[in-house]
Amino acid sequence: MSSLRKPLDGLAVGLMIVLCACWGFQQIAMKLAAPSLHPVMQNGLRSLIAAILLIALMRARSEPFSLRDGRLLAGLGAGALFAGEFLMVGLGLVFTTASHLVVFVYTAPIFTALGLHFFVAGERMTRVQWLGVLLAFAGIALAFSDGFAAGIAAGSAGDRHSLQMLIGDALGVVGGLMWAATTLLIRGSSLSEAPPMQTLLYQLAVGALLLLIAGGLIGEWHAVTMTPVAWASLAFQGIGVAFASFLAWFWLLRHYLASRLSAFSFLTPLFGVSFGVLLLGDPVDPRFIGGAVLVLAGIALVNLRRSS
């Protein structure tokens with residue numbers, strides 16, 4: 001298969017919208033289950049569930065998998081970065097607000113576009129497309145500016161809560177960097193031409209192992225209480241998110257330009273807030289509407305095809 005990736009078409013756009021909605025809803029599911037199952041443990045267990053399902057699917061389809069095909073090192077690296085991203089997210093939620101964390105984690109597309117622009121041939125972006133990335137990020141900042149205001153107020157008070165929020169925000173940025181690094185590693189290594197199932201299995205298996213170990217080290221194993229909400233959350237995250245949606249994501253990465261795909265991830269926190277308003281009764285702010293308009297405009301600019 002040729003290594004040339006193509007601009008987004010109708011199939012890719014439609015699939016990315018569905019994936020972003022799915023990823024946005026997982027924040028709601030994780031929040032609902034957090035009292036009985038720590039987010040780090042949720043991420044570890046969902047990765048384990050998805051890894052088992054993926055192995056069964058690969059066996060049913062007679063998909064080849066070998067540790068001697070030259071992709072082992074890259075696969076372990078991708079799995080470690082995958083685990084690190086979700087470890088930062090899980091720990092960050094302990095220190096800062098969800099609105100803060102989602103903003104800082106979703107700086108990943110900017111880091112991804114920057115890395116691809118300089119290190120991966122065929123992923124160069126025009127000035128207009130760079131403007132689209134910045135416009136989309138400005139939309140995220142506007143949509144969640146009420147969270148920023150809370151952080152500024154805490155900082156001016158000089159209390160312990162302010163320090164905790166700074167720690168959580170920093171963890172969010174690190175998580176975003178790890179997400180971007182994962183995409184860059186996949187695109188710039190032998191995993192670039194690997195079957196999507198193989199790439200996903202590396203991430204799920206290594207991620208499950210490392211996240212469950214991390215959950216034990218922070219003392220969360222004994223605090224697990226499997227309520228109906230926790231079971232439902234794990235089913236959705238393990239089957240719908242970590243298995244089906246991630247497999248679709250890696251298929252997209254193999255066929256389309258990663259910088260264009262990453263720009264769509266700005267929709268995920270907007271979906272998350274929308275689901276929160278509809279299902280949890282979270283308050284909505286006019287800034288969210290303005291931010292959504294900027295995000296959609298930015299995505300349109302990033303996905304402009306270059307003239308011949």
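The values are calculated or read from the model by the stated rules, or taken from the named source; none is laboratory data. Because the structure is a prediction, the values reported are computed rather than measured. Glycine also receives a Cβ, built like all others from the backbone with ideal geometry; neighbour counts cover every protein chain displayed.
Of note:
- Taken over region 1-34, residues that are of a type outside the set (D, E), farther than 18 Å from T227 by Cβ and not in a helix (DSSP H, G or I) amount to 8.
- Residue count for region 79-99 under the criterion of being surrounded by fewer than 23 Cβ atoms within 10 Å (Cβ to Cβ) and either in contact with a His (Cβ under 9 Å, 6 or more places away or on another chain) or of a type in the set (G, A, S) (or both): the result is 5.
- The helices (runs of 4 or more DSSP H) found entirely in region 221-308 include none that carry 3 or more residues being among the hydrophobic types (A, V, I, L, M, F, W, C), surrounded by fewer than 18 Cβ atoms within 10 Å (Cβ to Cβ) and modelled with pLDDT under 75.
- A60 small (G, A, S) and under 21 Å from Q203 (Cα atoms): yes
- Checking region 35-56 against the condition returns a match, with at least one residue being outside any helix (DSSP H, G or I), over 29 Å from R260 (Cβ atoms), modelled with pLDDT under 90 and out of contact with any helix residue (DSSP H, G or I) (no Cβ under 6 Å at 6 or more places or on another chain).
- Failed criterion for L191 (all others in (1) within 21 Å of V89 (Cβ to Cβ); (2) part of a helix (DSSP H, G or I); (3) in contact (Cβ under 8 Å) with a residue 12 or more places away in the chain hold): (1)
- Region 291-308 residues that are farther than 8 Å from G139 by Cβ and of a type in the set (K, R), paired with ones that are at pLDDT 65 or above and loosely packed, with under 15 Cβ neighbours inside 10 Å (beta carbon under 7 Å, 6 or more apart): R305/P7; R306/T126
- Selection count where residues are of a type in the set (V, I, T) and at pLDDT below 80, scope region 129-176: 2
- In this structure, F275 does not satisfy being of a type outside the set (D, E, K, R) and touching a Cys at 6+ places or on another chain (Cβ under 6 Å).
- Filtered residues of region 202-220 (kept if of a type in the set (A, V, I, L, M, F, W, C) and in a helix (DSSP H, G or I)): L204, A205, V206, A208, L209, L210, L211, L212, I213, A214, L217
- In region 98-142, residue nearest to the chain's Cα centre (by Cα) [restricted to those that are at negative phi and part of a loop (DSSP other than H, G, I, E, B)]: Y106
- Taking each residue of region 218-235 that is under 11 Å from H38 (Cβ atoms) and looking for partners that are among the aliphatic types (A, V, I, L, M) with beta-carbon atoms closer than 7 Å, six or more apart or interchain, yields I218/V40; E220/V40; E220/M41; V224/L37; V224/M41; A230/A33; A230/L37.
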